[in-house]
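Chemist: Supplied in structure tokens, the structure appears directly below.
Values in this text are rule-based calculations from the coordinates and carry no lab data. This structure is a prediction, so every number in the text was calculated from the model and none was measured. When we count neighbours, we look across all protein chains shown, and the Cβ atoms used for this are built from the backbone with ideal geometry, even at glycine.
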Ligand code: DC
């Protein structure tokens with residue numbers, strides 16, 4: 001049975017999460033937030049106090065973590081070895097550590113099957129950096145969603161201020177640029193559009209406009225979603 005997959009790749013802050021969740025709800029498909037798998041491993045690594053250069057220990061840990069993803073009305077709840085880590089998932093330190101350990105090919109290899117297992121009927125929306133290039137290269141629909149670093153930093157800054165968290169726009173911009181560089185320049189599964197992906201730049205678009213473009217793309221591609 002053909003299970004359709006829509007991959008949405010792109011840099012941090014381009015709106016992938018919001019768009020992927022909305023589109024998966026509209027289509028009634030499952031949703032994979034692959035970044036949260038790397039983030040959960042980063043939390044486990046930090047909890048154990050592992051050295052970020054100790055690849056063997058990180059790989060060993062990656063093979064043993066138990067993750068559970070529970071879709072709730074107000075977002076995704078993630079349990080790591082039975083403990084709710086949702087509150088720590090979105091922290092900047094978690095994202096930066098995730099980006100460092102995600103550069104190790106051995107770590108990516110261990111996490112590959114965990115991601116492939118999300119492909120279940122009636123379909124899957126997979127959000128990440130290498131969904132269309134490595135994890136689901138045969139996906140029927142591929143989107144690469146981007147936005148300028150300045151625009152992504154402004155969005156992140158606004159989110160933090162709205163949550164009452166102190167933030168510095170210059171620092172956020174340079175962290176976003178450093179993360180982009182690390183994700184793009186790594187040797188294994190670097191951040192880049194798949195050759196057959198449609199690219200959407202969300203810098204001057206609202207989230208609703210991006211969602212509408214993705215839905216149009218799926219309808220026009222003559223899907224097996226009817
Ligand atoms: O999408 P995110 O910000 O939650 O991802 C956090 C980090 O995890 C990101 O900087 C790089 C890594 N990542 C990855 O290498 N491959 C993916 N498919 C998803 C995330």
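Chemist: Tell me whether segment 164-226 comes out rounded, prolate or oblate; compute the Cα gyration tensor, take square roots of the eigenvalues as a ≥ b ≥ c, and use a/c under 1.5 as the rounded threshold.
Modeler: Working: a/c = 3.36, a/b = 1.52, b/c = 2.21.
Oblate, since a/c reaches 1.5 and b/c is not below a/b.
Chemist: Still on this structure, I have one more. Quote the relative contact order of the chain in percent (integer), defining contacts as alpha-carbon pairs under 8 Å separated by 6+ residues.
Modeler: Numbers: 340 pairs, mean separation 75.2, N = 226.
About 33 percent, as a whole number.
Chemist: Figure the gain on full extension for residue 117 and residue 174 (residue separation times 0.36 nm, minus the Cα-Cα span) and round it to one decimal in nm.
Modeler: Values: separation 57, 0.36 × 57 = 20.52 nm, distance 3.49 nm.
Here the segment from residue 117 to residue 174 would lengthen by 17.0 nm.
Chemist: Sticking with this one: Place a point 7 Å from Cα of residue 84 in the direction of its Cβ. Which residues in segment 58-78 have their backbone N less than 15 Å from it?
Modeler: 68-78
Chemist: So, one more: R0 = 30 Å: FRET efficiency of residue 198 with residue 109, Cβ-based, nearest 0.05? Before the final figure, lay out each step's value.
Modeler: Working: r = 28 Å, r/R0 = 0.95.
So the FRET efficiency works out to roughly 0.60.
Chemist: Report, in cubic angstrom per residue, the convex hull volume of the C-alpha atoms of the chain.
Modeler: Hull volume over Cα atoms, normalised by residue count, gives 127 Å³.
Chemist: While we're here: For the pair residue 2 and residue 72, what calculated FRET efficiency results from E = 1/(1 + (r/R0)^6), where r is the Cβ-Cβ distance and R0 = 35 Å, to the nearest 0.05? Let's see the in-between values first.
Modeler: Working: r = 30 Å, r/R0 = 0.85.
Approximately 0.75, to the nearest 0.05.
Chemist: Hey, another quick one. Given the Cα-Cα distance of residue 161 and residue 53 and 0.36 nm per residue of separation, how much length would full extension add, in nm? Show your work: numbers first, answer last.
Modeler: On the way: separation 108, 0.36 × 108 = 38.88 nm, distance 3.32 nm.
Gain on extension, residue 161 to residue 53, equals 35.6 nm.
Chemist: Which distance in nm do the two modelled labels at residue 187 and residue 208 give, with both placed 7 Å along the Cα-to-Cβ direction?
Modeler: Here the answer is 4.8 nm between the modelled labels.
Chemist: Return the distance in nm (one decimal) between the two label points of a simple spin-label model at residue 150 and residue 60, each offset 7 Å from Cα along Cα→Cβ.
Modeler: For residue 150 paired with residue 60, the spin-label model returns 4.8 nm.
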